[in-house]
Structure formats: C-alpha cells, structure tokens
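Have a look at the structure below, then the notes.
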Amino acid sequence: MAEENWIEVGSTDSIEEEDLIRFDHGDKTFCVYRLTDGFYATDGYCTHEVVHLEDGLVMDDEIECPMHQGVFNIKSGEALSPPACEDLKTYPVKVDNDKIYIKID
Amino acid sequence: MKKKILILGGGQSALYAAREIRRNDEEASITILGEEKQLPYERPPLSKDYLLNKKNEEDLVFNNSKILDDKKIFYINTNIEKVDFNSKTLVSNNQKEYSYDILLIATGSENNKIKLDNNLEDEIHYLRNLEEAKIIKKKIENKNNIVIIGGGFIGLEIASSLSQLNKKVTLIEIGNQLMGRIIPKPIADLVKDTHEAAGNKIILNKQILQISKYNENYKILLSDNSELEADFIIAGIGSKPSVSLFENTDLKLDNGILTNEFCETSIKDVYAAGDVSNFYHPLYKQYIRLESYQHAQNHGICAGKNISGLKIEYTSIPWMWSDQFNLNLQLTGICENFDEIIERGKDIENGIIYFFLKDKSIKGACGLGVAGKVGRDIRITTKLAEKNVIVDKRILGDESQKLNKLISK
Ligand SMILES: Cc1cc2nc3c(=O)[nH]c(=O)nc-3n(C[C@H](O)[C@H](O)[C@H](O)COP(=O)(O)OP(=O)(O)OC[C@H]3O[C@@H](n4cnc5c(N)ncnc54)[C@H](O)[C@@H]3O)c2cc1C
Ligand code: FES
C-alpha cells in the first residue's frame, strides 16, 4: 500500500544539474532538486514568508530563497541563514526507469 | 588572559558579533549593553508584517538570541550616556560604570526628525523600533486619513501596510521620484503605480511648510500652498548614524564612525559595525555607510572575527530589499558609478532588472518583481560583482536565458 504514496514527478532529464523544478500535487506544492549526487525534494514555500523556492538559487547542497536570501540545506531541510529560521520539510525521492518519484505523506 | 568585551547597542550587528566572538573564543567575557528592553530583534517586519498583524512581538526576536543564554553572553538593558576612551569605561544614565578591554560600537541609526515652529513636533510619529511600532499600531486602529511624509523605503512600506489595513493614505515626497535617485526611475514609477492602483495618493515634488491642528485633525500646508488634512502623521525622512555620544571625543566621525576594512575605528581596541559605521570597502576603494539587514549581520560577524584576533577584511557586496504590497525590490552592489545600463525583463510579474556596468563588468543591479521573481538574478549579480567579471551583455539582457551560466565554478 505504501507504494501509493510515491508520486511521479517527471523524467530525470526534466531538471538540469544543480537546479530545481516546481511540482504541484493536489493542493500541495514542492521543489524537486537535482544535485550532483542525486535528486531531492522539499516543500515548495519558504518557511519565512509565502514565497516559492522555485525561483531560488541552488548552490551545492543549499537552496537560497529569492525573497530575503534565507538559506536551507536541501538534503536535511535545515534553515542555515536568517531571516529563515524554521526548517524546511524534506521528502524521500527515488528514481525508477529514468522517472523521478517523491513520497508524500 | 580572559578578555573583557563590551558591545554597545543591542541590535542585529551586536548579536551577530557576540555570537562570532564566542565561536572563536570560549573564555572572553561578552556583554551587550542595549537601551531597548527586548532581546535583539529583526526590524524589517516593523513596517510590514508586524503592522499587518501577520507577525507578533515574539516572532521578531532573532532566533539566535537564544545563544545569549547558552553561550554566557550577557545582555544588560541600559542606556549608555558617557564614554571615556582613555580609561576604557562606559557610564550609564543611572551612573553605573562598565569597563572594557575591547569595545564594539553598534548603536545603529536614528530617524531624522521634522522641525516645526509649534508644539506639534511630538505628535508626528516615526518608526525605528518595536516601541514606536506598538504605539503606531495601537493609535491607527481608529484613524483613517493618514499622511506619510517621505517616499523612501520605510515610508512606502508603511504606506503599503496601511493600505492593506484599508486606511486612506497620502504620501508626500520632496523629490521628483520615490526612493531617491539611486533607484532607476522606471522602477520608482512602477512602485508609484502600484501604490496608486491600491488607492494610495502619492504627491511628488512637494515640501511641508506648516502643520497645524484643529480639533483632533491636522492641516498640512504644502509648498504649492495646497492643503491636506490628516488624522495621523508618520514621517520617514531618512536617518543618521547614532553617534551623539562620541561627538566630543577623539573618535573619528564622518557620516558615522570611520572604520577600516577590519572594522577598527581610529581608537585602539575600539571597533564599530552596522548602520553606525562608515567603513572602507577594499573592492570599491571608498567609504560606504549602509543601512541594511544583510550588512548589519555580515559586518557584525566580521567585527566579531577581528575582535577575536582573526584579521579578516570586510568585502561583502551590499544587498538590500524592500517589500511593498506583493512586490519585492532588491538592490545589490554599487549603482551610482556606471557607464552603461542593461535592462532585463519587461513586466513585474516576471521581474525587471537594471544592471549597472562599468568597464564592461557588473557593479550593481536593481530589480523589482512580484515576490521572489528577481532574487535569483540579483544574487547572481552579487556574485559577478564580487569577482568583477566581464559579462556577456546579450545574456544579461535576454530574460529567456538563465543567468546561472554566467557564474562559472
Ligand atoms: C522599520 C525598518 C524597516 C527595515 N526594513 C528593512 C528591509 O526591508 N530590508 C533591509 O535590508 N533592511 C531593513 N531595515 C534596516 C535594518 O533593520 C538595519 O540596517 C539594521 O537593523 C541595523 O542593525 P544595527 O545593529 O546596526 O543597528 P540597530 O538594529 O538599529 O541596533 C542598534 C541598537 O543600539 C541601541 N543603542 C543606540 N544607542 C545606545 C546607547 N547609547 N545605549 C544603549 N543602547 C543604544 C539602539 O536602541 C538599538 O537597539 C529596516 C529598518 C527599519 C527601522
Ligand atoms: S521569504 Fe524566504 S527568506 Fe524571507
């Protein structure tokens, strides 16, 4: 049954390396990232204010919010730089047959 | 030997400096002396989410303020009235003396005040700290015809918040555009359009000649002899560094406390950081004074490192933002000394940016867009300005091409 929670995001080549895309599912929105060592997913909105991180800058393992430069670790969600101080929720990601899936709870 | 470090002023720079000193020195005694009751808090929401009731007092306190307890950094709520650099002591208004081996001055800035020849000066409100924000928030509850004097960032942010609270707002600006000449005119005009579309009235090119009061209302006489009525007046007419304590001392002042690239002032063992410091920037080879969140943080951290004995130059590229309605404006680098401007983007939905170039490399940029739309490109500009990179202008001016490709690893 757990299988049902894996949602298909798209093909692996839909995200450039060191970049991200926005992924909406139902009333939820996410960011899916491609880093040098694989794919990762977090909540879409910054925890500081309601701004989507899809327009942010990916640098190594970090995503920087485009609004006030709050920084989060993409893998752990940890808020690294103010004004962001609340961690970002992360989600498991798997790749199967060149397709990216994220597990939404 | 255990060093005794005093930090004067309990704002953002003070907090970040204290944290950095503790990171490098577990032994030093660190005391912050601040006149505000609250532990160090963020000022940007005062004119925005705090007025809008989206954030409360507790939300503003820096998350880092909890390190004060954890790391044995003392915060003493006191107002310092006298400084003696020879005997290395500070004296508070209740005559308590505090001595130091090293002093960091981070007293920030204070608002310019309007001079009137009647007794109404005290009835004009200003916004710099939480106490003032609380008073404004309470008093405007039953006011509906508010005049804001000054079309700088803070005046405009307050105008945006009050409009969202359904108040009637009129803003008067002495200059011929909003936010001063540093902001490209087309961006200033778009901000003006946004305010006007939301119902705010913006008056440019006019000064206040006189303010009088009848019953509970004010009459404001403008330089063209027209009159405005208001039931509440807020002014945001710029600010100046808080240096009055040092005016008759040996500390070198010029538009703030002069500091070198290591945050050192003209007096040994005395450092300055944040809004109060007019610092030498080695990349621009000139003195700069900034009033911005990012600078207050980074300059405080740099001062903390230098106080701890690490010799670290401050080379951070200036960056600041202003949020009004659903718009986010960002400014990075230096936008005054350029020989070419390149425009990127056509509308605020996707963001518009003006890049300022000198000798083919980017020196700065100013962008405006719906929240989040200009941040990435402005951040990339900061990185390019840091390295003084000569850029491909076609990519800069073509919004269909990502700027990420300009930053090589
Ligand atoms: C309403 C408002 C909105 C802002 N919005 C933005 C924004 O959107 N984006 C942005 O980039 N920047 C913004 N800023 C600017 C930013 O908040 C400041 O640049 C920053 O707070 C400066 O930090 P600081 O530590 O140098 O000084 P401050 O934070 O001002 O701290 C100085 C402290 O020292 C205390 N002090 C002074 N003299 C004494 C004394 N003699 N004894 C004891 N204590 C003393 C003061 O009371 C104050 O608490 C805003 C500022 C304000 C006021
Ligand atoms: S909205 Fe992301 S840091 Fe402010």
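The values are calculated or read from the model by the stated rules, or taken from the named source; none is laboratory data. Predicted model only: the values in this text are computed from it and were never measured. Every residue, glycine as well, gets a Cβ built from its backbone with ideal geometry; the counts of neighbours run over all protein chains shown. Accessible surface areas use protein heavy atoms only, side chains included; no ligands, DNA or RNA. Shrake-Rupley method; radii C 1.70, N 1.55, O 1.52, S 1.80 Å.
Okay, here's what the table says:
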quantity: Interchain or long-range residues, amide H under 5 Å from B:Ser277's placed H; calculated: B:Ile257
quantity: Spin-label model distance (nm) - B:Asp339 vs B:Asn404, 7 Å beyond Cα toward Cβ; calculated: 3.4 nm
quantity: Partner aspartates and glutamates for A:Lys99 [C-alpha distance under 18 Å; skip if fewer than 8 residues away on the same chain]; calculated: A:Glu3, A:Glu4, A:Glu8, A:Asp13, A:Glu16, A:Glu17, A:Glu18, A:Asp19, A:Asp24, A:Asp37
quantity: At 1.306 mPa s and 10 °C, Stokes D of chain B from Kirkwood alpha-carbon radius, µm² per second; calculated: 70 µm²/s
quantity: Cα-based reach from B:Lys213 at 16 Å (exclusive), listing lysines while leaving out same-chain residues under 8 positions away; calculated: B:Lys115, B:Lys143
quantity: Label point distance in nm, B:Ile182-B:Val61, each placed 7 Å from Cα along Cα→Cβ; calculated: 3.2 nm
quantity: Interchain or long-range residues, amide H under 5 Å from A:Gly10's placed H; calculated: A:Ile100
quantity: Estimated FRET transfer efficiency (B:Glu121, B:Asp392; beta-carbon r; R0 56 Å; 0.05); calculated: 0.55
quantity: Surrounding net charge for B:Ala303, when Lys and Arg each add one and Asp and Glu each subtract one, Cβ distance under 11 Å; calculated: -1
quantity: Cβ charges +1 (Lys, Arg) and -1 (Asp, Glu), total dipole of the protein assembly as shown, debye; calculated: 1160 debye
quantity: Gaussian network model of chain A, Cα within-10 Å springs - most flexible of A:Lys94, A:Lys28, A:Lys75; calculated: A:Lys28
quantity: Percent antiparallel among DSSP beta bridges (both partners in the protein assembly as shown, rounded to 5); calculated: 70 percent
quantity: Under the span-like rule (Cα at least 15 Å along the axis, Kyte-Doolittle mean at least 0.5), DSSP H helices of chain B; calculated: B:153-164
quantity: Once exposed loop GluC sites (Glu not before Pro) are cut out (DSSP; at most 13 other Cβ, 10 Å), longest piece of chain B; calculated: B:28-215
quantity: Principal axis dimensions, region B:14-71 - Cα atoms, whole angstrom, descending; calculated: 43, 20, 16
quantity: Calculated over region B:245-325: convex hull of Cα atoms, volume per residue (Å³); calculated: 102 Å³
quantity: Reduced Cα scattering model of region A:3-103, Debye log10 I(q)/I(0), q = 0.10, 0.16, 0.21, 0.24 Å⁻¹; calculated: -0.23, -0.60, -1.01, -1.29
quantity: Alpha-carbon spread of region B:158-217, three principal axes, descending order, Å; calculated: 42, 28, 14
quantity: Which listed pairs, of B:Lys134/B:Lys185; B:Lys113/B:Lys219; B:Lys346/B:Lys402; A:Lys89/B:Lys37; B:Lys139/B:Lys192; A:Lys89/B:Lys387, have C-alpha distances above 23 Å, in listed order; calculated: B:Lys134/B:Lys185; A:Lys89/B:Lys37; B:Lys139/B:Lys192; A:Lys89/B:Lys387
quantity: Set of lysines with alpha-carbon distance to B:Lys4 below 22 Å, sequence-local pairs under 8 removed; calculated: B:Lys66, B:Lys71, B:Lys72, B:Lys82, B:Lys88, B:Lys96, B:Lys268, B:Lys305, B:Lys311
quantity: log10 of Debye I(q)/I(0), alpha-carbon scatterers only, for region B:326-408 at 0.24, 0.25 Å⁻¹; calculated: -1.16, -1.25
quantity: Debye, to nearest 20: dipole size of region B:326-408, +1 on Lys, Arg Cβ, -1 on Asp, Glu Cβ; calculated: 320 debye
quantity: Inter-site label distance for B:Glu349 and B:Lys285 at 7 Å from Cα along Cβ, in nm; calculated: 4.6 nm
quantity: Whole-Å semi-axes of the protein assembly as shown's equivalent ellipsoid (Cα gyration tensor); calculated: 38, 31, 23
quantity: Projected area, mean over directions - region B:113-235, Cα convex hull, nm²; calculated: 7.6 nm²
quantity: Cα centroid separation, region B:327-362 to region B:257-311 (Å); calculated: 26 Å
quantity: Extension reserve of the B:Leu204-B:Lys134 stretch, reckoned as 0.36 nm per residue once the Cα distance is removed; calculated: 22.3 nm
quantity: Order of exposure, largest accessible area first, which applies to A:Ile100, B:Ile237, B:Ile208 with probe 1.4 Å; calculated: B:Ile237, B:Ile208, A:Ile100
quantity: Share, in percent, of DSSP beta bridges within region B:200-320 that are antiparallel, nearest 5; calculated: 85 percent
quantity: Residues with amide H under 5 Å from that of A:Asp19, placed H, sequence gap 5 or more; calculated: A:Arg34
